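Contents: one structure, followed by commentary.
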Amino acid sequence: MTAKLAELNAAPEEEFVRAVGPVYEHSPHFARRAAAKRPFADADHLRHALLQEVDHAPDEEQMDLIKAHPDLVGRAVLTAESQGEQAAAGLGDLSAEERESFRRHNAAYREKFGFPFIICARMNKKDAILEAFPRRLPNDAAAEKKTALDEIHKIAALRLHDILWAN
């Protein structure tokens, strides 16, 4: 068990939520619910508890989580986590043509599904992300909701790792 995990296990609920809440974009309630399952034996146990909270949440709450994510290369004010993740994927240094391509893809995706295109930017680079838009656009809404949640879980796992192993 990491020292950080031991601290989180012993922390008051509000401190736990403050530390772990950013794992899921603008959705600290998942961390609040997971806090009730402490103590966690290891990082995987904590990650799984968070994942279960999302996977067993009502459909409306899952959609709120999906919609809490910003468009890639959009105009929204990004959380520090999203800003770093998009920069790591090379999305902060795009040509005008690439920006326009993201704008068009984001608009088409939102038009069809009603929520933002989500992909784990830290596990992809800009070219792979641009290629994923047309590959996923033909999917139906149920398949894309599942894909979005799967990608959100990847993002959350990386964010949780950062929290647990930060200096």
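Each row is one residue, and each column tells you yes or no for (1) farther than 30 Å from HIS45 by Cβ; (2) modelled with pLDDT under 95.
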{"site": "GLY114", "(1), (2)": "yes, no"}
{"site": "ILE119", "(1), (2)": "no, no"}
{"site": "ARG122", "(1), (2)": "no, yes"}
{"site": "ARG135", "(1), (2)": "yes, no"}
{"site": "PRO138", "(1), (2)": "yes, no"}
{"site": "ALA143", "(1), (2)": "no, no"}
{"site": "ILE152", "(1), (2)": "no, no"}
{"site": "ILE155", "(1), (2)": "no, no"}
{"site": "LEU160", "(1), (2)": "no, no"}
### Count of region 4-44 residues which are exposed (fewer than 15 other Cβ atoms within 10 Å of the Cβ) and either assigned to a helix (DSSP H, G or I) or among the hydroxyl-bearing types (Ser, Thr, Tyr) (or both)
8
### Task
Could you give me the residue pairs with C-beta distances under 6 Å whose first residue belongs to region 149-165 and is at negative phi, whose second residue is part of a helix (DSSP H, G or I) and not aliphatic (A, V, I, L, M) wherever it lies, and which are 6+ apart or on separate chains?
ALA157/ARG47; LEU158/ARG122; ARG159/GLU81; LEU160/ARG47; LEU164/LYS4
### Task
Would you mind telling me which numbered condition in (1) surrounded by fewer than 15 Cβ atoms within 10 Å (Cβ to Cβ); (2) under 28 Å from ALA31 (Cβ atoms) ASP64 fails?
(1)
### Message
Regarding region 87-108, can at least one residue be identified that is modelled with pLDDT of 95 or more, aliphatic (A, V, I, L, M) and closer than 17 Å to LEU137 by Cβ?
### Response
yes
### Query
Restricting the search to region 52-61, which residues are surrounded by 19 or more Cβ atoms within 10 Å (Cβ to Cβ) and touching a residue at least 60 places away in the same chain (Cβ under 8 Å)?
VAL54
### Query
Of these, ALA87, ALA49, which one is part of a helix (DSSP H, G or I), in contact with a Lys or Arg (Cβ under 6 Å, 6 or more places away or on another chain) and either of a type in the set (Gly, Ala, Ser) or farther than 14 Å from HIS26 by Cβ (or both)?
ALA49
### Query
What tally of residues in region 115-139 results from selecting those that are within 17 Å of the chain's Cα centre (by Cα) and not in a helix (DSSP H, G or I)?
8
### Message
Criterion first (closer than 24 Å to ASN124 by Cβ, in contact (Cβ under 8 Å) with a residue 60 or more places away in the chain and of a type outside the set (Gly, Ala, Ser)) does ARG75 satisfy it?
### Response
no
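The values are calculated or read from the model by the stated rules, or taken from the named source; none is laboratory data. Predicted model, so just to flag it, every value in this text is computed and none were measured. Here Cβ is always computed from backbone atoms with ideal geometry, including for glycine, and neighbour counts include all displayed protein chains.
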